[in-house]
Amino acid sequence: MPISPSSSAQAAREVVAGRLRDLRRTAGLSVTELASRCGWHHAKTSRIENARTAPTATDIRKWCQACDAVGEAEALVAQAVHAESLYTEWRTEVRAGLKALQASEPRLFQGTGLFRIYSSTLVPGLLQTEGYAAGVLGISARFRNLPIDDSAEAARARVDRSRIIHEPGHRFVFVVEEDALRHQICGTEEMAAQLGHLLTAGALPQVSLGIIPMGARRRAQWPRETFHMYDDRMVSVELVSARVKITQPSEIALYLRAFEQLRADAAYGADARSLILRAIEALS
């Protein structure tokens, strides 16, 4: 895996690398001696210790055995798995199909009290209707050349997942760029239904829906990448190639600051509804 664009993922990898380096030094082994005991080239040892190559579970177990520290192995394997989970390429995520992806990480959703979601290009997934979701996921399936297009089934699964909005114990703050209301991802009827759903969902007491007008002046933030905040524990950022999970407190604080500035630029209540109605009118 390439070095992650997220310092959270790279920092987690460096913790594992640093601990492996400490084990080698404590054992009094040189880089070359460690490599010889493990049966690989000494350059691999250097790449692992400098966090340029992620060690496999087998690599870690061999390393610990070479350093007479077998008892350290399983904890380090768990840390390494966590580090790699912070940066996941979409090709890995969708390997089991788009429908399976919708059902991933149920504990994260159920364990989150406050969802903060910013989207610059699409209606957020938790607010999507089945027709709109099918359009979004269909584009994804074609773009990624998936062998099986299960976007219709995935759309139904996404709508099922969004029922969490109606479960007690959760609050949702959405900030959406007005542009997202204008991108016709699906047919005109489906798009009209989606925009109508926003009028309904935005009126729910547990939902705050803010829309940043296209003509907003003196913005504090320009449109950013789509991101989801789960309480103050994690931020998930969606890139073209991968999803990055951010857990570093300093990074989370930066995203929270950006979110609050974006939220301050948004229109709410009657003003937000007016922007949605204007988008509906533009469909005809």
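Taking the inverse of the average 1/r across all pairs of different Cα atoms in the chain, what Kirkwood radius in Å do you get?
21.2 Å
Need one word for the range 7-85: rounded, prolate or oblate. Basis is the Cα gyration tensor (sqrt eigenvalues a ≥ b ≥ c); a/c below 1.5 gives rounded, then a/b vs b/c decides.
Because a/c hits 1.5 or more and a/b exceeds b/c, the range 7-85 counts as prolate.
With a point put 7 Å past each Cα toward its Cβ, work out how far ILE148 is from ARG278 in nm, to one decimal.
4.5 nm
Share of antiparallel DSSP beta bridges in the chain, in percent to the nearest 5?
In the chain, approximately 55 percent of DSSP beta bridges are antiparallel ones.
Roughly how big is the range 7-85's charge dipole about its Cα centre, with Cβ charges of +1 (Lys, Arg) and -1 (Asp, Glu), in debye to the nearest 20?
Computed about the Cα centre, the dipole is about 220 debye.
What residues qualify as long-range amide H neighbours of PHE227, i.e. H under 5 Å apart, gap of 5 or more or another chain, H built at 1.01 Å from N?
Amide H neighbours of PHE227: TYR118.
Taking the dipole about the Cα centre of the chain, with the C-beta of Lys and Arg at +1 and of Asp and Glu at -1, give me whichever of ILE165, GLN65, ALA11 is farthest to the positive side.
GLN65
Under the rule of -39500 (n - 2.57) per DSSP H run of 4 or more residues, summed and divided by the residues of the chain, what mean residue ellipticity at 222 nm is obtained, to the nearest 500 deg cm²/dmol?
Value at 222 nm, helices only, nearest 500: -15000 deg cm²/dmol.
Using a cut-off of 13 Å between beta-carbons, work out the net charge of the residues near ARG263 (Lys and Arg +1, Asp and Glu -1, ARG263 not included).
After counting each charged neighbour, the total is +1.
Using the Cβ atoms and a cut-off under 15 Å, what net charge is assigned to the surroundings of ARG182, where Lys and Arg are +1 and Asp and Glu are -1?
Once all neighbours under 15 Å are counted, the net charge is -4.
Using the Karplus curve 6.51 cos²θ - 1.76 cosθ + 1.60 with θ = phi - 60°, work out ³J(HN,Hα) for each residue of the range 24-35 in order, rounded to whole Hz, and write x for Gly and Pro.
Per residue, the Karplus-derived 3J(HN,Hα) values read 4, 5, 4, 6, x, 9, 7, 4, 5, 5, 4, 4 Hz.
Using a 10 Å cut-off around each Cβ, can you sort VAL175, VAL81, VAL31 from fewest to most neighbouring Cβ atoms?
By the 10 Å Cβ count, ascending, the order reads VAL81, VAL31, VAL175.
Only counting other Cβ atoms within 10 Å, I'd like ILE164, ILE148, ILE185 sorted with the fewest neighbours first.
Ranked by crowding around the Cβ, least crowded first: ILE148, ILE164, ILE185.
Under 1.5 on a/c is rounded, so check that first for the range 14-60, then, if it is not, pick prolate when a/b is larger than b/c and oblate when it is not; a ≥ b ≥ c are the square roots of the alpha carbon gyration tensor eigenvalues.
Oblate.
In whole Hz, what ³J(HN,Hα) sequence does the range 161-169 give by Karplus (6.51, -1.76, 1.60; θ = phi - 60°), x for Gly and Pro?
5, 6, 5, 4, 4, 8, 8, x, x
Just how large is the dipole of the range 115-159 about the Cα centre, in debye to the nearest 20, putting +1 at every Lys and Arg Cβ and -1 at every Asp and Glu Cβ?
Approximately 180 debye in magnitude.
Among residues other than GLN194 whose Cβ falls under 13 Å from its Cβ, what is the net charge (Lys/Arg +1, Asp/Glu -1)?
-1
No value in this document is a laboratory result; all are computed from the given coordinates. The structure presented is a predicted model; accordingly, all values stated were derived computationally and were not measured. In this analysis, Cβ positions are derived from the backbone assuming ideal geometry, glycine residues included, and neighbour counts consider all displayed protein chains.
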